[in-house]
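Heads up: the structure comes next, in structure tokens.
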Ligand code: ADP
């Protein structure tokens, strides 16, 4: 139990065992003072949230026991108002998830190593198929050209997937460095559009760029921002039917810099909207389409990157009308 100041009252046996203490050692102490103070949890100001009466439901954080050992926990605090005395107490439940976290990290490290190892062979396939397609190994028959370009295209998809897996695992392990420097968002957008030109042409999509000379020099990490913009534009391309329009606009005011990617595509069904940034999640309407391929990792990665860069991402969408994704830098 916690009182309204977050002080521990009547800890039960499991809590004493968790912290490795006797009752007298923690009774009356500030519960949140046991929270670790490293970068991973510093942003989660749970003490403040508790005091402001904001629900804490299955939040993952790190706590330190009496011996200084860090433990990952899942914390929920159930608010219990006592209408008679008007006092507020909280029932804190702590689930020790340290082992799960260790396993999860081992899995993530495995994915990271495996993806890294896949890069070289994929690059080799790209190099040779590219050489064959550009005539470097002699003239190909139409049939050979068709087969080799299929190989080239599936290999490109695989390269994208491996890069996404690598980036997701780097973020989860906390090994994706940020390198901020002056960044030209228009150049990034143009290079993404050039890369996607074949798909855009195939679908007969119209691209409208309303850059207005803005965002030519913002402080950001160009490599990471490119991944974000690439994901948003490639989603707009993937999820817009033949002949649709994609509008990319920049907005800049004294306190906000935004990139807005709007499409006239399939949209996201209402019931799926609050899970769209979840890992591996794909909305019901596109999963049904045989032509649509994806992993459900792109927006998860995009959101994580925007958080790392100190920005935000949001969207509005209506099924069969289109979607608008907005990032603030
Ligand atoms: P993927 O595109 O690989 O499936 P993402 O994580 O990039 O994965 O996107 C998750 C899901 O969000 C997509 O499967 C799709 O259902 C939905 N989505 C994302 N962008 C759009 C968009 N512009 N229009 C419609 N649906 C979208």
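Identify the single condition in (1) near the ligand (Cβ under 7 Å from one of its atoms); (2) assigned to a helix (DSSP H, G or I) that residue 303 does not satisfy, given that it satisfies every other one.
(1)
Just name the residue that is farthest from residue 240 (Cα to Cα) out of those in the stretch 257-282 that are within 6 Å of the ligand (Cβ to nearest atom) and either touching a residue at least 60 places away in the same chain (Cβ under 8 Å) or in contact with a strand residue (DSSP E or B) (Cβ under 9 Å, 6 or more places away or on another chain) (or both).
Of everything passing the filter in the stretch 257-282, 276 is farthest from residue 240 (Cα to Cα).
Which of the residues spanning the stretch 285-300 are near the ligand (Cβ under 8 Å from one of its atoms) and surrounded by fewer than 20 Cβ atoms within 10 Å (Cβ to Cβ)? Talk me through it step by step, then tell me what you get.
First pass over the stretch 285-300, keeping only residues near the ligand (Cβ under 8 Å from one of its atoms): 285-287, 292-300.
Selection gives 285, 287, 292, 293, 294, 295, 296, 297.
From the list 187, 153, exactly one residue is farther than 15 Å from residue 302 by Cα, assigned to a helix (DSSP H, G or I) and at pLDDT below 95. Which is it? If you could, list the steps in order and put the result at the bottom.
On the way: 187 fails: at pLDDT below 95.
So the residue among 187, 153 that is farther than 15 Å from residue 302 by Cα, assigned to a helix (DSSP H, G or I) and at pLDDT below 95 is 153.
Would you pick out the residues in the stretch 250-283 that are outside any strand (DSSP E or B), touching a helix residue (DSSP H, G or I) at 6+ places or on another chain (Cβ under 9 Å) and more than 14 Å from residue 322 (Cα to Cα)?
271, 272, 276, 277, 278, 279, 280, 281, 282 - these are the residues of the stretch 250-283 that are outside any strand (DSSP E or B), touching a helix residue (DSSP H, G or I) at 6+ places or on another chain (Cβ under 9 Å) and more than 14 Å from residue 322 (Cα to Cα).
Provide a single number: the residues in the stretch 191-225 that are more than 23 Å from the chain's Cα centre (by Cα) and outside any loop (DSSP other than H, G, I, E, B).
12
Give the residue, chosen from 37, 44, that is under 16 Å from residue 63 (Cα atoms), at pLDDT below 90 and either surrounded by 14 or more Cβ atoms within 10 Å (Cβ to Cβ) or more than 29 Å from the chain's Cα centre (by Cα) (or both).
On the way: 37 fails: either surrounded by 14 or more Cβ atoms within 10 Å (Cβ to Cβ) or more than 29 Å from the chain's Cα centre (by Cα) (or both).
Of 37, 44, the one residue that is under 16 Å from residue 63 (Cα atoms), at pLDDT below 90 and either surrounded by 14 or more Cβ atoms within 10 Å (Cβ to Cβ) or more than 29 Å from the chain's Cα centre (by Cα) (or both) is 44.
Taking the conditions exactly as written (within 7 Å of the ligand (Cβ to nearest atom), free of Cβ contacts under 8 Å to residues at least 60 places away in the same chain and under 30 Å from residue 212 (Cβ atoms)), does residue 317 satisfy them or not?
Values: within 7 Å of the ligand (Cβ to nearest atom): yes; free of Cβ contacts under 8 Å to residues at least 60 places away in the same chain: yes; under 30 Å from residue 212 (Cβ atoms): yes.
For residue 317, the condition - within 7 Å of the ligand (Cβ to nearest atom), free of Cβ contacts under 8 Å to residues at least 60 places away in the same chain and under 30 Å from residue 212 (Cβ atoms) - is met.
When you check residue 227 against the structure, is it free of Cβ contacts under 8 Å to residues at least 60 places away in the same chain and crowded, with 17+ Cβ neighbours inside 10 Å, yes or no?
In short, no.
So in the stretch 180-206, with the set limited to residues that are under 20 Å from residue 164 (Cβ atoms) and in contact (Cβ under 8 Å) with a residue 12 or more places away in the chain, which one is surrounded by the most Cβ atoms within 10 Å (Cβ to Cβ)?
The residue in question is 189.
This table checks each residue for (1) away from the ligand (no atom under 16 Å from the Cβ); (2) free of Cβ contacts under 8 Å to residues at least 24 places away in the same chain; (3) surrounded by fewer than 16 Cβ atoms within 10 Å (Cβ to Cβ); (4) farther than 24 Å from residue 176 by Cβ.
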| residue | (1), (2), (3), (4) |
| --- | --- |
| 208 | no, no, yes, yes |
| 215 | yes, no, no, no |
| 234 | no, no, no, no |
| 237 | no, no, no, yes |
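Is one or more of the residues making up the stretch 151-164 more than 26 Å from the chain's Cα centre (by Cα) and surrounded by 13 or more Cβ atoms within 10 Å (Cβ to Cβ)?
Yes, the conditions are met somewhere in the stretch 151-164.
The values are calculated or read from the model by the stated rules, or taken from the named source; none is laboratory data. Because the structure is predicted, anything quoted here is derived from the model rather than measured. For neighbour counting, all protein chains shown are included, and Cβ atoms are generated from backbone atoms with ideal geometry for every residue, glycine included.
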